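Dropping the structure in here first, questions after.
The values are calculated or read from the model by the stated rules, or taken from the named source; none is laboratory data. Owing to the predicted nature of the structure, the values given are computational and were not obtained by experimental measurement. FYI the Cβ positions are ideal-geometry reconstructions off the backbone, even for glycines, and counts take in every protein chain you see.
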Amino acid sequence: MRRQSSDRRPWTFYALAAFFTLFVLFLYGPMSAIYILSFQGPSGGLTFPMRGMSLHWFAALFGQQRTGDFLGSFLRSISLAAIVLTLTVVMSVMAGLAFRRRFVGSTVVFYMAIASLIMPGLLISLGVGFLFHFLGWRTNWYSSALGAQLTWTLPFGLLIMFAVFSRFNRSYEEAARDLSATPWQTFQHVILPILAPGMIGVALFGFTLSYDEFPRTRLVMGSRNTLPIEIFEMTTNVTSPALYTLGTVTTIVSFIAIGLALGSIALIQRRRTRRALGR
Amino acid sequence: MSSSPAARIAPYLQVAPLALVLLVFFGLPLLLVVAVSFFTYDEFEIYPGFVLDNYIDLLTSRVTLQLYWNTIFYALTVWAITLVIGFTVSYFLVFHVRTFLWQLALFLLCTVPFWTSNVIRMISWIPFLGLNGIFNQSLIALGVTDKPLEFLLYSDFAVVLAYVHLFTLFMIVPIFNSMARIDRSLIEAAVDGGAKSWQVIWEVVIPLSKTGIALGSIFVIALVMGDFFVVQVMSGGQSASVVLAMSNEIAQLLYPPASASAVLLIVIVTLMVAGIMRLVDVRRELAG
């Protein structure tokens, strides 16, 4: 718009940059408050001021049972997220491949995915609860909760695969076929490497959406909670900074997941550029 | 494309796992909710039947109207605010940030909170907005006010603020995506043709990012219409939404009325989304 003449930026740039900065402050500001508060001293409360700095509440979290079954729900959440991640990646990639061709019912599947995405989470939870009730099955994190979470992660995965495939150049596949590769070889040596960064994206979605999921899981967890439900219940009955400490801990886990995903995408890209340059 | 029998059935096998999961855990449960909404019940059990009582109670209650008014008020307010923020932020990133690396870095900066827990992000407003919170104390320190402001927490203001904080990302990502795909030469052509910069935005940028705007709007409206925990916590129990009321019915084991209320909500959300999808053919733009 303004790049033709000189390199001077127009005033709108500075106005928009200021707006953007405010937005970022708005995003991160409140979150930083609870990270600070999780280091409250032993006599500190839920709000400022800080009464000293300590790791007291971190110790309390891992120590006694006063904050509920933290470790158990944490491990359940991580295991569930790992299963959801795996199933989401595999099923979304397969479905993404299917949608590159015409097939009867593709419209139905597409709209079912969109509907599943926008449906209020608690309604899904209610419905899955009914399903298990009428079948006489017991709800559990690895059955009913897993299924309920997949109705949320699969549509996201499918949408990402659409975006990935819309930029996918088919001539690579055709070249492989011309060199008489079998369909499986083509998939393994051509399609899969090209899809890899997109698949890591789907994996990140699958993991974090499951790890933080709460409305869909709420009614179908069975007798034991996942971490987000545990935290939500704490908001109503825990009045110590342990709540914020738990928030800090789960956020660290999320950050590790983000770091791993972005790091491996960067690694793949770098290896590719290096290989392209070497040739 | 070869059209051997194997190649023809391949897509069906490939889509089967996803379709099956959605059918069992989304389609079937939805049908059950519809079925239960016609059931009868007492304090202990629900009984299969076909009565319209649950719907009659629901549709003749003034509470229903109040709940929908509340929820739709939240949805539209949040939609308008997130649309303005989402559009402005994306516009800045796409058209004003010049190097790709900076663009990516700033985009990631916006999306990282999306990967962290919603519950935690929501409760982080409490120490911020409370009577002794950071915001009030700063205002007092600056001499803007001598008494802490009470409307900041446990109010409609707090609810809308938390929604905007949680859901703006759902607006930014799709709008950014469609804006980034706009061919720059179209904009140069508009400028060469004498368009002012607001005309470029209005006549070129907005029409070409309408898929993103539509997708973002669908996300934000559906998320707000389906929420119950933000309303519950941030309004301090002073306000309610449709799903919060439903959640209370479920807690009292009133499953048939809760199901009827769920069916009504599904109809209304579907109508809103279908309205948006009529304006913009989201599927063609996504899959095409």
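Tell me which residues, restricted to region A:74-83, are more than 11 Å from every other protein chain (Cβ to nearest Cβ) and buried (at least 22 other Cβ atoms within 10 Å of the Cβ).
A:L80, A:A81 - these are the residues of region A:74-83 that are more than 11 Å from every other protein chain (Cβ to nearest Cβ) and buried (at least 22 other Cβ atoms within 10 Å of the Cβ).
Only one of B:S117, B:S90 is among the small types (G, A, S) and within 7 Å of chain A (Cβ to nearest Cβ). Can you tell me which?
On the way: B:S90 fails: within 7 Å of chain A (Cβ to nearest Cβ).
Result of the check over B:S117, B:S90: B:S117.
Let me confirm something: among B:P11, B:P29, B:P17, which residue is in contact with a Lys or Arg (Cβ under 9 Å, 6 or more places away or on another chain), part of a helix (DSSP H, G or I) and either hydrophobic (A, V, I, L, M, F, W, C) or closer than 25 Å to A:S106 by Cα (or both)?
Numbers: B:P29 fails: in contact with a Lys or Arg (Cβ under 9 Å, 6 or more places away or on another chain); B:P17 fails: in contact with a Lys or Arg (Cβ under 9 Å, 6 or more places away or on another chain).
Within the list B:P11, B:P29, B:P17, the selection yields B:P11.
Kindly evaluate A:L179 against the criterion of being away from chain B (no Cβ under 12 Å), more than 20 Å from B:I218 (Cα to Cα) and free of Cβ contacts under 8 Å to residues at least 24 places away in the same chain. Talk me through it step by step, then tell me what you get.
Values: away from chain B (no Cβ under 12 Å): yes; more than 20 Å from B:I218 (Cα to Cα): yes; free of Cβ contacts under 8 Å to residues at least 24 places away in the same chain: yes.
Considered against the rule, which asks whether it is away from chain B (no Cβ under 12 Å), more than 20 Å from B:I218 (Cα to Cα) and free of Cβ contacts under 8 Å to residues at least 24 places away in the same chain, A:L179 comes out as yes.
Still on this model: Could you go through region A:137-149 and let me know if any residue there is at positive phi and either surrounded by 14 or more Cβ atoms within 10 Å (Cβ to Cβ) or not aliphatic (A, V, I, L, M) (or both). Show your work before the answer.
The first filter runs over region A:137-149 and keeps only residues at positive phi, leaving none.
No, there is no match, as no residue in region A:137-149 is at positive phi and either surrounded by 14 or more Cβ atoms within 10 Å (Cβ to Cβ) or not aliphatic (A, V, I, L, M) (or both).
Would you pick out the residues in region B:85-127 that are hydrophobic (A, V, I, L, M, F, W, C), without any contact (Cβ under 8 Å) to a residue 24 or more places away in the chain and under 19 Å from A:T21 (Cα atoms)? Break it down into steps so the answer makes sense when it comes.
Taking region B:85-127 as the starting set, the residues that turn out to be hydrophobic (A, V, I, L, M, F, W, C) are B:85, B:87, B:89, B:92-95, B:97, B:100-102, B:104-110, B:112, B:114-115, B:119-120, B:122-123, B:125-126.
Checking the rest, the ones that are also without any contact (Cβ under 8 Å) to a residue 24 or more places away in the chain come to B:92, B:97, B:100-102, B:104-106, B:108-109, B:112, B:115, B:120.
Residues satisfying the conditions are B:F92, B:V97, B:F100, B:L101, B:W102, B:L104, B:A105, B:L106, B:L108, B:L109, B:V112.
Now a separate question. Is it the case that some residue within region B:216-225 is within 11 Å of another protein chain (Cβ to nearest Cβ) and modelled with pLDDT under 90?
Looking through region B:216-225, none of the residues is within 11 Å of another protein chain (Cβ to nearest Cβ) and modelled with pLDDT under 90.
Here's a follow-up. For region B:239-288, give me every one of the helices (runs of 4 or more DSSP H) that falls completely inside it and has 3 or more residues that are within 18 Å of B:M225 (Cα to Cα) and modelled with pLDDT of 90 or more.
Details: elements: B:242-251, B:255-279, B:282-287.
Hits in region B:239-288: B:242-251, B:255-279.
From the residues in region B:240-250 that are farther than 17 Å from B:V269 by Cα and within 19 Å of the chain's Cα centre (by Cα), which one is nearest to the other protein chains (Cβ to nearest Cβ)?
At the first step, the residues of region B:240-250 found to be farther than 17 Å from B:V269 by Cα are B:240, B:247-250.
Okay, now just the ones that are also within 19 Å of the chain's Cα centre (by Cα), so B:240, B:247.
Working: B:A240: 14, B:S247: 6 Å.
My answer is B:S247.
Each row is one residue, and each column tells you yes or no for (1) of a type in the set (S, T, Y); (2) modelled with pLDDT under 90.
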| site | (1), (2) |
| --- | --- |
| B:L52 | no, yes |
| B:Q66 | no, no |
| B:T71 | yes, no |
| B:L76 | no, no |
| B:I81 | no, no |
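Hey, another quick one. Name the residues in region A:126-166 that are more than 23 Å from the chain's Cα centre (by Cα) and in a loop (DSSP other than H, G, I, E, B), would you?
A:G136, A:W137, A:R138, A:T139
Please determine, by comparing only the residues of region A:134-155 that are without any contact (Cβ under 8 Å) to a residue 60 or more places away in the chain and more than 9 Å from every other protein chain (Cβ to nearest Cβ), which one is nearest to A:L195 (Cα to Cα).
Once the filter is applied, the top-ranked residue is A:S143.
This table checks each residue for (1) among the charged types (D, E, K, R); (2) farther than 26 Å from B:F170 by Cα.
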position	(1), (2)
B:E43	yes, yes
B:G49	no, yes
B:W69	no, no
B:I72	no, no
B:R98	yes, no
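Pairs, please: C-beta under 7 Å, at least 6 apart or cross-chain, first residue more than 18 Å from B:A19 (Cβ to Cβ) and in region A:115-129, second of a type in the set (D, E, K, R)?
As it stands, the answer is A:G121/A:R216; A:L122/A:R218; A:S125/A:R216; A:S125/A:R218, since those pairs meet every condition given.
Right, here's the next one. Which condition number does A:W184 fail, the rest of (1) farther than 21 Å from B:A16 by Cβ; (2) at pLDDT below 90 being met?
Checking A:W184 against (1) farther than 21 Å from B:A16 by Cβ; (2) at pLDDT below 90, the one that fails is (1).
Please go through region B:75-90 and give me each residue that is surrounded by fewer than 21 Cβ atoms within 10 Å (Cβ to Cβ) and of a type outside the set (A, V, I, L, M, F, W, C), ordered by number.
The answer is B:T77, B:T88.
Related question: Within region A:93-122, how many residues turn out to be more than 24 Å from B:V263 (Cβ to Cβ) and facing chain B (nearest Cβ under 7 Å)?
7
Tell me, yes or no, whether region A:217-228 has at least one residue that is more than 11 Å from chain B (Cβ to nearest Cβ), hydrophobic (A, V, I, L, M, F, W, C) and assigned to a helix (DSSP H, G or I).
No, every residue in region A:217-228 fails to be more than 11 Å from chain B (Cβ to nearest Cβ), hydrophobic (A, V, I, L, M, F, W, C) and assigned to a helix (DSSP H, G or I).
Taking the conditions exactly as written (in contact with a helix residue (DSSP H, G or I) (Cβ under 8 Å, 6 or more places away or on another chain), at pLDDT 90 or above and within 10 Å of another protein chain (Cβ to nearest Cβ)), does B:I134 satisfy them or not? Before you say what the answer is, go through the steps one by one.
Details: in contact with a helix residue (DSSP H, G or I) (Cβ under 8 Å, 6 or more places away or on another chain): yes; at pLDDT 90 or above: no; within 10 Å of another protein chain (Cβ to nearest Cβ): yes.
Judged against the criteria, B:I134 is not a match.
If B:S138 meets every condition in (1) under 22 Å from B:A180 (Cα atoms); (2) in a helix (DSSP H, G or I) apart from one, which number is that one?
Among (1) under 22 Å from B:A180 (Cα atoms); (2) in a helix (DSSP H, G or I), B:S138 violates only (1).
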